[in-house]
Amino acid sequence: MTTATATAVLDAQGLTKTFDGHPVLQGLDLKVRDGEFIAVMGPSGSGKSTLLYNISGMDTMTGGNVQFAGQDLGSLSQKQLARLRLTTMGFIFQHVYLLKNLCLLDNIVLPAYLAGLAPRAELTQRAMALMERTGVADLADRDVTEASGGQLQRIGICRALINEPQILFGDEPTGALDSTAATEIMDILGELNAEGTTIMLVTHDTKVAARTSRVIYLVDGRIVGDRQHGPYTGTGLDQRHHELTEWLLHHGL
Amino acid sequence: MNLSPRARSVARHGEGGVDEPGGDQHPAVGADGQVLRRGQPAGRWRMYGRMAARDFSRNRGVTAALVVLMMLSVMLGTASAGTLVRLIGASSDLMEQADAPHVAQLHVGAFDQAEVDRWVAGRPEVVHHQTMLLLGIDGANLLFDGEPQTASIQQNSLVVPNTERDLLLDLDNRPITQVEPGGIVLPVYHQVEGDLEVGDTVRITAADGFAKDLTIAGFARDSIMNPAIASSKRLAVAPSDFEEVRARTGEVEQLVEFWLDDPATQTAGFKKAYQDAQLPQAGQMVDSNTFQILTMIGDGMVAAVVILVSMLLLVVGVLCLRFSFLTAVEQDYREIGVLKAIGVAPRDVRRIYLTKYALLAGIASGVGLLAGLAVIPLLTRNITRYMGTASGLANWIVPTLAAVLIFVVLVLFMLVLLRRFNRISAVTALRAGATSQPRATRLRLHRSRMPVHLRLGTMDVVGRWPIYLLLFFVFAVSTFIMIVPVNSATTATAPGFINYMGIGAVDVRVDLRHDDATSPEQFERAVEQLGSEPDVTAISPMVTTRHDTLDRDGIAASLYVENGDHTLLPLTYADGRAPTDSSEIALSLLALHQSGRSLGDTVPITVGGQVNALTIVGSYQDITHGGSTAKSVLPTDGEETMWYVIGVQLAGGTDATATAQTYGAQLAPARVSAIEQWRDQTLGPIADQLTIAAGVDAVVAIALAVLMTALFARMLLARDAGPIAIQRAIGADDTGLRQQYLTRILLVLVLGVTVGTVMANTLGELLFNLMFEAMFGGFEMLFQGTSQIAFAVNPLLASLLLPLALLGAVAAATVASSRSIAAASISSLTTE
């Protein structure tokens, strides 16, 4: 595991979070290695989303520390954290959360313009290329209300990728989609991971988890299971799904 | 189904809304209907009350803004109604208790009482007449606490107070029928303006070394010469002191007073008959209307400004009501659907909302009424001082009625808004969940070169302008109520204002009344002397004569015509030009309106006993002599001369005040005043009151804008919790988010201030002129164009300083309230 430690992009130790005195995360340790595709599973209220928001600096942890890309998140100001999220992390959500007063292309370019890392024309080009790649290029000028759920989630992915993040976080990105749309989204995420993007997803869905390379299972704010099952290469999904279900049952999960 | 507590509450209570034992689901049926009718409303109203209370706590900001606005509107409405009723009450009370004459004629010179008596004997409408002697004391010979009154434009006269009619009243409105020898009773005007007290000394001197000291025994309210704008003042003394002074100094003047049987219908005819009868009339003739107008101008203007502000606040309040209502409906859209789906009648749904808003309006009206009643004494301080307080139920009933009226307007408006509920269908409400989603605009972020936050702020305002409409109105209204009074005050104090007083650009004005046969001589002498003074660059001598004319209804009327060379030191004509010979005439705007003619027409004027048709070649604004005057070049020999005026232009650098004082001493009995001083003393008190009103308004306007901005920003932040959390999640920082909010509000502010400024300078100017029209011509003159005063705007103040003050205050309020942006985080999205 020594080499793995050297390439950890994210390292959380003793992560604690309480809401009104009620512990949600209880001294949790987690290392995310470069290029991993992680599914975070667990029953409702087990702290999955809270974990996601705390290790990404979006929420303020109660205790412990998180190292991300060599920086201690706890020592950064809100402004620095915002900049870090903007330039090194991408987020996709179950309900996508697009700004309704912007057209779809504008929603994608917004984080890029905020970061301002390249000329705007170039950033717009990059956004168009991402839309092309995710198959929604013809929706650029549409309103949020003029696209389907699956299309919107692709827009969400484009927005998350626009600043070329080191890690992509997803909070149930397929949770609100039908199975066809969900499969398409997972295909895109799989491709991205294959190209080297580190991805961490919160999910309830074992079929989604079967497409990742690692599954961690949370109960009451603690990791009670951590399974490496290697990258999904496009074949044997049923087998992987079966094994994952077996593992969950075996651990009484 | 995820019901809100409110929906659950309704669901539990069922369609009938009854939770008492013995309640019935079918209230219309059954013999026990009597019981139901008693029990049902109690349970229902308790339920509605609970719902209303819950709604208040949910939308605290908007609710507070709404209450404050409604309260302020009721407060100012109550206060202005109270002020007006007290003003009218006190003024007519004063007139009544003092038994003011209906018509009064001032006359200087030879006077034969028997002649007047004989004429009156043939006039059945005269119920009483009397003549009072006024002993005019020159300002140089009158010292208050050692201070000579040379600079005052007030004509001070000693009188022996009347005992039966036209009484002077003390500060408790009791008649002053006699003054102890050695004492003097001064008008309230001198108490206020001269800062005098009982026990102070008034000294009257004469050229021969005579000096008489009198002690101020009290102050009096004078029903016909009370305000500053009435430039004569009566000082009451004992008969012995009057005679003593009369023997040494002063000029006697007669005040012939008439009481008519029915003044409302007889005054005009009586005045004309008196003038035609060639009775003593070397002086002004005034009637009770004039007294009332003069008495009420200043305070009436303040009340008018307060009414204006109150109306504007009511408009903003109604807009805020609409806004708050739409927000509530949006939040409750799904609940309304639920209520309808479980079968609650639309009427009952409406009742829930009506309860909430009527309760708010009721509380606001109650508090506003009390606050308004508390403010009335402040606004009526001046009235109380000059006129006393008229007791009476009306003082309380009218303000209360004003509050009730505003309350009724608010409730009616709510009922109109609530009609919307009929249009909400249960199914669409349940399915849609919200009424108005922000729409995308045609504006595109990716096509803009503006900074991102600036662009996002702009796009939001453009995309959701109905939401910002309220704020826009608040800013426009604030600007309007801030600038109009300021512009009015600067206009009334601007040097150019004399242009509207029927005179040209002169530095010094010489006034001489036509008293007797020696007057023309005195006039000639003054003209001659002024013409040879080295400091004087130009003079324009004018002789005013009275002529008969016909008004628009063909009825004979009198017209004062000022004759002379009007091309010297010309005034500014509203239309046309100065008359150049005896076939031409220029009329004041009011006189032109009264004549019923327009420029280029002819008007019949009796000159030398013959009716001449004079061509109207020009019109001008004049607010002196009741606003109805004329200018021509008629021969004045043999005509009935009223007064003389000499306009004097001084060489640059000459001190007008000092020069006026020098000439005044040399040209007595002519009165010489520096024009600035003359204007100051005539309009000064009105301008002062306007300035105070302007100051108060500016504070109110800024407070209103700040309050509304703070509440609006809070509301906006609460409403935008979602989009804020999204932006924060993708990496926008607080500084940027704040920039967006500043951009939105400042953009609306700039638009509002611009529109408000334009409105102030157009609509505001119109209002200002309407005020003058009503003041000089009565309400029937409104919108007749008899006043065309252009605002003299102080651009630095009106276009820069005031808007900047508003801008600064609003920006500070926005920044302060946008601090709560930090509270909105992604958790507000995920906990949904």
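If you go through region B:174-182 one residue at a time, do you hit one that is surrounded by fewer than 17 Cβ atoms within 10 Å (Cβ to Cβ) and under 31 Å from the mean Cα position of the chain (by Cα)?
Checked region B:174-182: at least one residue is surrounded by fewer than 17 Cβ atoms within 10 Å (Cβ to Cβ) and under 31 Å from the mean Cα position of the chain (by Cα).
Suppose we filter A:Leu117, A:Leu152, A:Leu123 for residues that are over 30 Å from A:Ser179 (Cα atoms), more than 9 Å from chain B (Cβ to nearest Cβ) and in contact (Cβ under 8 Å) with a residue 12 or more places away in the chain; which single one remains?
Selected residue: A:Leu117, the only one of A:Leu117, A:Leu152, A:Leu123 that is over 30 Å from A:Ser179 (Cα atoms), more than 9 Å from chain B (Cβ to nearest Cβ) and in contact (Cβ under 8 Å) with a residue 12 or more places away in the chain.
Return the pair list, or none, for Cβ contacts closer than 6 Å from residues in region B:347-373 that are in contact (Cβ under 8 Å) with a residue 60 or more places away in the chain to residues that are surrounded by fewer than 23 Cβ atoms within 10 Å (Cβ to Cβ) and among the aromatic types (Phe, Trp, Tyr), at least 6 apart or on different chains.
Short answer, once both residue conditions are applied: B:Val349/B:Phe421; B:Arg350/B:Phe421; B:Ile352/B:Tyr48; B:Thr355/B:Tyr48; B:Ala361/B:Phe407; B:Ser365/B:Phe407.
Take the conditions farther than 25 Å from A:Ile162 by Cβ and more than 14 Å from chain B (Cβ to nearest Cβ) and apply them to A:Gln13. Does it pass?
The answer is yes for A:Gln13.
Hey, can you tell me all the residues within region B:447-478 that are within 10 Å of another protein chain (Cβ to nearest Cβ) and of a type in the set (S, T, N, Q)?
B:Ser448
Within region B:737-768, track down each residue that is farther than 22 Å from B:Ile307 by Cα and surrounded by fewer than 22 Cβ atoms within 10 Å (Cβ to Cβ).
Matches in region B:737-768: B:Arg738, B:Gln739, B:Leu742, B:Leu746, B:Leu747, B:Val750, B:Leu751, B:Thr754.
Going through B:Leu443, B:Leu471 one at a time, which residue ends up being outside any helix (DSSP H, G or I) and either in contact with a Lys or Arg (Cβ under 9 Å, 6 or more places away or on another chain) or crowded, with 20+ Cβ neighbours inside 10 Å (or both)?
B:Leu443
Take residues that are buried (at least 19 other Cβ atoms within 10 Å of the Cβ) and in contact with a Phe, Trp or Tyr (Cβ under 7 Å, 6 or more places away or on another chain) and tell me which of the helices (runs of 4 or more DSSP H) falling wholly in region B:625-735 contain 1 or more.
In region B:625-735, the matching helices (runs of 4 or more DSSP H) lie at B:675-719, B:721-729.
From the list B:Ala282, B:Ala268, B:Ala236, B:Ala264, which residue is more than 19 Å from the chain's Cα centre (by Cα), closer than 30 Å to B:Arg123 by Cβ, in a loop (DSSP other than H, G, I, E, B) and of a type in the set (Gly, Ala, Ser)?
Criteria check complete, one pass: B:Ala282.
How many of the residues making up region B:460-473 are at pLDDT 85 or above, touching a helix residue (DSSP H, G or I) at 6+ places or on another chain (Cβ under 7 Å) and of a type outside the set (D, E, K, R)?
5
Test A:Tyr53 against the stated conditions and say whether it is among the hydroxyl-bearing types (Ser, Thr, Tyr), part of a helix (DSSP H, G or I) and either within 30 Å of A:Gly150 (Cβ to Cβ) or touching a helix residue (DSSP H, G or I) at 6+ places or on another chain (Cβ under 8 Å) (or both).
For A:Tyr53, the condition - among the hydroxyl-bearing types (Ser, Thr, Tyr), part of a helix (DSSP H, G or I) and either within 30 Å of A:Gly150 (Cβ to Cβ) or touching a helix residue (DSSP H, G or I) at 6+ places or on another chain (Cβ under 8 Å) (or both) - is met.
Of everything in region A:126-145 that's assigned to a loop (DSSP other than H, G, I, E, B) and more than 12 Å from chain B (Cβ to nearest Cβ), which residue is nearest to the chain's Cα centre (by Cα)?
Per the criteria, the residue is A:Thr134.
Okay, residues lined up against (1) modelled with pLDDT of 80 or more; (2) within 30 Å of B:Met771 (Cα to Cα); (3) crowded, with 16+ Cβ neighbours inside 10 Å:
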site: B:Ile204; (1), (2), (3): yes, no, yes
site: B:Leu214; (1), (2), (3): yes, no, yes
site: B:Ile224; (1), (2), (3): yes, yes, yes
site: B:Arg246; (1), (2), (3): yes, no, no
site: B:Thr249; (1), (2), (3): yes, no, yes
site: B:Ala273; (1), (2), (3): yes, no, no
site: B:Thr290; (1), (2), (3): no, yes, yes
site: B:Ala304; (1), (2), (3): no, yes, yes
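Only one of these conditions is not met by B:Val120: (1) buried (at least 20 other Cβ atoms within 10 Å of the Cβ); (2) modelled with pLDDT of 90 or more. Which number is it?
Tallying (1) buried (at least 20 other Cβ atoms within 10 Å of the Cβ); (2) modelled with pLDDT of 90 or more, B:Val120 fails exactly one: (1).
Scan region B:715-734 and report the pairs whose first residue is at the interface with chain A (Cβ under 8 Å from one of its Cβ atoms) and whose second residue is of a type in the set (Asp, Glu), with Cβ atoms within less than 9 Å and a gap of 6+ or a chain change.
B:Gly722/B:Glu832; B:Pro723/B:Asp460; B:Arg728/B:Asp734
Quick test of your reading of the structure: B:Phe480 fulfils all but one of (1) of a type outside the set (Ser, Thr, Tyr); (2) within 19 Å of the chain's Cα centre (by Cα); (3) modelled with pLDDT under 85. Name the failing condition by number.
(3) is the only condition that B:Phe480 fails.
Taking the condition of being more than 10 Å from chain B (Cβ to nearest Cβ) and in a helix (DSSP H, G or I), how many residues in region A:157-169 meet it?
Of the residues in that region, 3 qualify.
What are the residue pairs meeting all of these: first residue in region B:442-458, first residue closer than 17 Å to B:Leu749 by Cα, second residue in a loop (DSSP other than H, G, I, E, B), Cβ atoms under 6 Å, and 6 or more apart or on different chains?
B:Arg455/B:Ser448
Please state which one of A:Gly196, A:Gly230, A:Gly252, A:Gly234 is of a type in the set (Gly, Ala, Ser) and in contact (Cβ under 8 Å) with a residue 60 or more places away in the chain.
A:Gly196
The values are calculated or read from the model by the stated rules, or taken from the named source; none is laboratory data. This one's a predicted model, so the numbers in the text were calculated from it and none came from an experiment. Here the Cβ is made from the backbone with ideal geometry for all residues, glycine too, and neighbour counts use every protein chain on show.
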